[in-house]
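Comments concern the structure below.
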Amino acid sequence: MASSENTEQLSFAKDIQPLFRDKDRESMRFAFDLWSYKDVVANAQAILDAIRSKKMPCDGAWPDEHVERLQHWIETGVKP
């Protein structure tokens with residue numbers, strides 16, 4: 001993770017929502033909307049756990065920097 005990201009507060013709209021592709025959103029729509037701040041906040045730890053265990057997305061693992069960005073956003077206080 002870039003050092004500026006370590007201190008910077010990430011936003012959902014700018015930094016997190018774009019990590020989720022159209023097909024990721026459609027795959028998970030039955031449970032929650034990955035493009036909805038409210039839904040992602042409510043399910044943040046479960047989403048992170050699924051991504052870390054490579055259960056999500058179903059077609060391949062996220063790059064480490066994306067996983068770290070999501071974790072950083074969760075740990076530093078989620079912002080819209």
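Conditions (1) under 16 Å from W73 (Cβ atoms); (2) among the charged types (D, E, K, R), marked per residue:
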| site | (1), (2) |
| --- | --- |
| D24 | no, yes |
| S27 | no, no |
| L34 | yes, no |
| K38 | yes, yes |
| A46 | yes, no |
| P57 | no, no |
Just to be sure I understand, how many residues within segment 45-80 are aliphatic (A, V, I, L, M) and more than 14 Å from D15 (Cα to Cα)? 7
Subset of segment 15-59, residues in contact (Cβ under 8 Å) with a residue 24 or more places away in the chain and of a type in the set (S, T, N, Q), comes to S27, Q45
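Here, each number is a calculation from the coordinates, and none is a lab measurement. Only a predicted model underlies this, so the values are computations on that prediction, with no experimental measurement involved. Using ideal geometry, Cβ is built from the backbone for each residue, glycine included, and neighbour counts are taken over all protein chains shown.
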